[in-house]
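The block underneath contains the structure these notes are about, expressed in structure tokens.
No lab work stands behind these numbers, since they all come straight from the coordinates. All of these numbers come straight from a predicted model, not from anything done at the bench. So basically every Cβ, Gly included, is an ideal-geometry build from the backbone, and we count neighbours across all protein chains shown.
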Amino acid sequence: MAEPMALNKRTRAALERAQAEKRDQYLAFVLGGEAFAMEIRSIREVIQYGGLTEVPLMPAFIRGVINLRGSVVPVIDLAVRFGRALTEINRRTCIVILEVEHAGDMVTLGVIVDNVSEVLEIGLSEIEPAPAFGSNLRSEFLAGVGKVGGKFVILLDVNHVLSIDELAAVAGTAGDAGP
């Protein structure tokens, strides 16, 4: 009789620890066959790909702009930003609309992803630091690696991946190389 009570106490203690642990929400998506996620706090919405207007003389990672309820929003191809080939557009391709901070203001950007899969809740104990090897992404782009259901998902640091200053510098360099 004492054993079931001890088990219940252990189970209850484990449950209380899990509930006390801070769990953040992440939007999980696929890009080039790999699982990525970013904190949901910076995401405004997810829209179906379409209505993109290409802008001449922009670097390859800026695919164009969209009209989002009267506002012009630049759209970045996240695969190209990571040094990969252009994202192939298909029926599941989405644009994730984000807000990133720049000089105290919030700037709205869109990023193209192959598809959005789900919203994950990941606790701090389920996140490992970004590895120094094994990824072809710049280490400052990574917030860590989440362990979810026995699989790994790469957690992106949106403020570094979409740093307005760095994007502007890269765009300026690409513009200087023009005809």
So which trypsin sites (Lys or Arg not before Pro) in the stretch 29-112 pass both tests, a DSSP loop state and at most 13 other Cβ atoms within 10 Å of the Cβ? Arg69, Arg91, Arg92
Neighbour-limited loop hits for GluC sites (Glu not before Pro), the stretch 45-104 (at most 12 other Cβ within 10 Å; DSSP other than H, G, I, E, B): Glu54, Glu88
Taking max minus min of the Cα coordinates of the stretch 25-176 on each principal axis, largest first, gives extents in Å of 44, 32, 31
Convex hull of Cα atoms in the stretch 56-97, direction-averaged projection (nm²): 3.6 nm²
For Ser125, Ser71, which order do you get if you count the other beta carbons within 10 Å of each Cβ and list the fewest first? Ser71, Ser125
For the stretch 31-117, fraction of C-alpha pairs farther apart than 15 Å, in %: 58 percent
Residues Ile47, Ile76, Ile127, sorted so that the one with the fewest Cβ neighbours within 10 Å comes first: Ile47, Ile127, Ile76
Gain upon complete extension [Ile89, Thr53; 0.36 nm per residue less C-alpha separation]: 11.5 nm
His102 to Glu140: extension gain in nm, 0.36 nm per residue of separation minus the Cα-Cα distance? 12.0 nm
Compute the relative contact order of the stretch 25-176 as a whole-number percentage, counting only Cα pairs closer than 8 Å that sit 6 or more residues apart in sequence. 26 percent
